[in-house]
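The values are calculated or read from the model by the stated rules, or taken from the named source; none is laboratory data. Just so we're clear, the structure is a prediction, and the values are computed from it rather than from any experiment. Cβ placement follows ideal geometry from the backbone for every residue including glycine, while neighbour counts extend to all protein chains displayed.
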Amino acid sequence: MNKHVVHGYVLSEDIERRLARAVQRTAKSPERLIEAALNYFLDQIETDDEMRADAEESFRDYQETGLHLTNEEVMEWLERRANGEDVPLPDPHT
């Protein structure tokens, strides 16, 4: 029998079984695990939305200004950073 209802949503039997195993392994309440799982999932969605909005803004900026970096420039910068160099991101150009 399902025990956890949120706004009328009833967990499937499979999720209930998995939740019960997680409760035993973690010694946390089902409510805490459900809340933690939802927080994690919602954080991922919000992060994806923020990244998408940033990418769209960057593309609009590129369309307006033509300023950009090439893949080679970015890869060289990343390699230098990975090697411990504290180098600034190259200036964008047209």
inquiry  = Let me confirm something: among Ile45, Ile34, which residue is more than 14 Å from the chain's Cα centre (by Cα), within 30 Å of Leu11 (Cα to Cα) and of a type in the set (Val, Ile, Thr)?
reply    = Ile34
query = Just for segment 57-70: of the residues that are polar (S, T, N, Q) and assigned to a helix (DSSP H, G or I), which one is surrounded by the fewest Cβ atoms within 10 Å (Cβ to Cβ)?
reply = Gln63
key: Verdict on Arg80 being over 30 Å from His7 (Cα atoms), over 23 Å from the mean Cα position of the chain (by Cα) and among the basic types (Lys, Arg)   = yes
query = Hey, does segment 39-56 have a residue that's modelled with pLDDT under 95, assigned to a helix (DSSP H, G or I) and either surrounded by fewer than 10 Cβ atoms within 10 Å (Cβ to Cβ) or of a type outside the set (A, V, I, L, M, F, W, C) (or both)?
reply = no
inquiry  = Looking at segment 71-94 only, could you name the residues that are surrounded by 12 or more Cβ atoms within 10 Å (Cβ to Cβ) and touching a His at 6+ places or on another chain (Cβ under 8 Å)?
reply    = Pro92
task = Can you work out which of the residues in segment 1-18 that are assigned to a strand (DSSP E or B) and at pLDDT 70 or above is surrounded by the fewest Cβ atoms within 10 Å (Cβ to Cβ)?
result = Tyr9
Positions within segment 51-68 being of a type in the set (Asp, Glu) and farther than 14 Å from Thr94 by Cα, in sequence order = Asp54, Glu56, Glu57
message = So for segment 27-46 (the condition being closer than 30 Å to Thr94 by Cβ, in contact with a strand residue (DSSP E or B) (Cβ under 9 Å, 6 or more places away or on another chain) and among the hydrophobic types (A, V, I, L, M, F, W, C)), does at least one residue qualify?
response = no
inquiry  = Given the condition under 30 Å from Ser12 (Cα atoms) and either at pLDDT 95 or above or assigned to a helix (DSSP H, G or I) (or both), answer yes or no: does some residue in segment 75-91 qualify?
reply    = no
